[in-house]
Each structure stands twice: as structure tokens, then as C-alpha cells.
Amino acid sequence: MQRRSFPITALALALFAGSAFAQTKWDLPAAYAATNFHSENLIQFAKDVDTATAGKLKITVHANASLFKANEIKRAVQGGQAQIGEVLLVNFENENPIYGTDGIPFLATSYADSKRLYDAQKPVLDKLLGAQGMKLLFAVAWPSQGIFAKKEINSVADLRGIKWRAYSPATAKIAELIGAQPVTIQAAELSQALATGVVESYMSSGSTGYDTKTYESLKYFYDTQAWLPKNAVIVNKKAFEALDPATQAALTKTAAEAEARGWKVSAEKDGFYKKALGEKGMKVVTPSAKLMEDMRQVGSIMLADWQKKAGPDGEAIIAAYAKSAPAAAKAGKK
Ligand code: PCA
């Protein structure tokens, strides 16, 4: 390589020494495809942060688990290897049940209910992440979770013994409860696992089915609408505190905008994904009453287990969630 030397000008010196132009660079590891709606939202967020801070804070998004695997991102942010990152909260349920709140089947099955559940979960989540040296910036729900399957299924008995991809402790627990064989695989490696037959079935959103081209391997999507797990963008507290107050405020404001935008896009794309799966040759099916009944039973076992593990914090979340239900829904439940 040719070596070139640049004259060090007074301006360059001022830039190096001066705080007026101090620029902070952050890496944001994320686990999903660059074309996924969450990743696109992160890229927009990074762009907006750049604008809002007049270039003082530069965030580089590393999608598709290219910097850290999905379940390593939280620890990377905690340890400061990455200043900021996007995690799937339910991945960390074994660390603390509160992280698994939004992975309990049939607790919240619509966007409106998931938003209320998030509001109920948030104070505890803030406390928990705070105690671990991190801070929650924003969270966005995935579309609702259904069952991808190779063959027709009319009850959970039809899933017995099959190779079941799990992405979280709860989805592995479902496999256990229905007698399937769980294998934990992150989304970035799912296409490969499907193509090689390591996976015959799994629960996730139409979004992940679409991103991973699941329709090339599996022919059915049972639209159980079981739960809407959330991706959360978390930041290392020390890294956040090292920013000047104006940059902190710009970051927080931009995060709130990204959260609102993310929920909106998720809801808008939910229908698009299912339609697209159908167009790619998949059968998008309303589950039979029996299959739903079986899955609801799985859900009630998991809710009871979770409540036992989550203790008073869990109780507070469930109570706040119930309290925020619209009057009509409350009356209907009686
Ligand atoms: N997609 C992610 C998690 C939830 C979802 O819809 C996945 O399957 O890994």
C-alpha cells in the first residue's frame, strides 16, 4: 500500500483536542436479518440519532447475529463489548422469569393487549436491567406466534416426536409439554437447519417464516396467535452516562419515536407476512378447535409455572395487566 502523509493542520488538531466535535461511536449488535422489520427500524433509529445529535453519536447496526449470537448480545452490552444492542427479552427467562413475561402463551395475543402487558412489565424490567448496569431504550413486539409444520396437524398429538426448533426457554418448554424434541436454533441459522432437516416444526411469527424462507421446507402455518414476544434495545449504563446531557436527551427521544414506529410497522406487516407465505405456496390455516384447546392447556400450565417462579414481581405485573384491561374485556371474563 502506498503511504501518504497528511499535514496536520490547526483545524485537525482542534478536532482531536476539542470537545466541540467529540464524536462517540457505538456498535449495535442485532440478531435478525438486515431486511427484517426490526433491523430496518434499528437502521432508521441510528440514522435519526445521527441527525438528532448533529453527528455526535454514530451507531452502527450489525444485523443477522454477525457480531454476537442472539443469546450473547445481552451479556455483551452488560460487559461493554457493545455499548448498545437488540435482544429478544424472552431469551433470558432462565436468568429471571420477568424477561419471559411476553413469552407466556395466550396471556396477551393482540397488539393492544401486548402493549398493555409491556406497560405492566416495564417498571420491573427497568429495575432489573438497571441492577445489571443497563438501561432499556425501547421495545417492539414481533407479530403473533403460530406453528410451522411439515404435515397437517389437528391436535398437539400430531406433533409428538418431531424435531422442534426452539428460540427461547419457553418454546423449548412447549416442546417438552407436547412431547416434541426441542433443539435451540437462533433465527440466523434457521434456514440452514430447515434445509438440512434438523428442524421439522417450530413456533414463531409469519415474519420469521418469511425471512427464513420456511415455505421452501414446511408447508403449513397454523395461525394460533399465541403470544407476541418483544425485541428490546438496551444500552450499557456507563456508556449512556458518558454522553453529554443533550445527546442523552436526543437518544431517549429518538428511542421513543423508534418504539412507536416499530409497533405500528409490526402490526401493519403481520397481515402482509401471512399473505406472502400463502403466495409462496404455504397453507396458512386457522387451527382446529382441538388444536387450540390443546395449546391453551399448554399455555395455562406455563402461566402457572411462571407465576410460581416470578413471585411478587410477577404478581404485580399480572395485576397491573388485568387492571388496565378495557371494561368490556373485564366484564366478558367474569
Ligand atoms: N421471531 C424470532 C423470535 C420471535 C419471532 O417471531 C425467532 O423466531 O427467532
| query | Is it true that ALA316 is within 18 Å of ALA120 (Cα to Cα), assigned to a helix (DSSP H, G or I) and modelled with pLDDT under 95? | reply | no
| remark: Of the residues in the stretch 81-111, those that are within 14 Å of the ligand (Cβ to nearest atom) and out of contact with any helix residue (DSSP H, G or I) (no Cβ under 7 Å at 6 or more places or on another chain) come to THR109
| If the Cβ limit is 6 Å and pairs must be 6+ apart or interchain, which residue in the stretch 185-198 that is closer than 17 Å to ASN64 by Cα and modelled with pLDDT of 95 or more pairs with which residue that is aromatic (Phe, Trp, Tyr) and part of a loop (DSSP other than H, G, I, E, B)? | ALA187/TYR32
| query | Within the stretch 179-197, which residues are aliphatic (A, V, I, L, M) and part of a helix (DSSP H, G or I)? | reply | ALA187, ALA188, LEU190, ALA193, LEU194, ALA195
| query | Looking at the stretch 156-175, which of the residues that are free of Cβ contacts under 8 Å to residues at least 40 places away in the same chain, small (Gly, Ala, Ser) and surrounded by 20 or more Cβ atoms within 10 Å (Cβ to Cβ) is farthest from the ligand (Cβ to nearest atom)? | reply | ALA175
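When the stretch 176-193 is examined, which residues are found to be of a type in the set (Val, Ile, Thr) and away from the ligand (no atom under 12 Å from the Cβ)? Spell out how you get there, then give the answer.
Here is the first cut: in the stretch 176-193, the ones of a type in the set (Val, Ile, Thr) are 178, 183-185.
The answer is ILE178, VAL183.
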| Check on GLU176, among the charged types (D, E, K, R) and part of a helix (DSSP H, G or I) | yes
| message | So for the stretch 132-139 (the condition being farther than 30 Å from ARG261 by Cα and of a type in the set (D, E, K, R)), does at least one residue qualify? | response | no
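Yes/no per residue for (1) among the β-branched types (Val, Ile, Thr); (2) surrounded by fewer than 24 Cβ atoms within 10 Å (Cβ to Cβ):
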| residue | (1), (2) |
| --- | --- |
| GLN78 | no, yes |
| ILE84 | yes, no |
| TYR99 | no, no |
| GLY103 | no, no |
| TYR111 | no, yes |
| ARG116 | no, yes |
| ALA120 | no, yes |
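The values are calculated or read from the model by the stated rules, or taken from the named source; none is laboratory data. These numbers were taken from a predicted model, which means no experiment stands behind them. Note: ideal-geometry Cβ built from the backbone for every residue, glycine included; neighbour counts use all protein chains shown.
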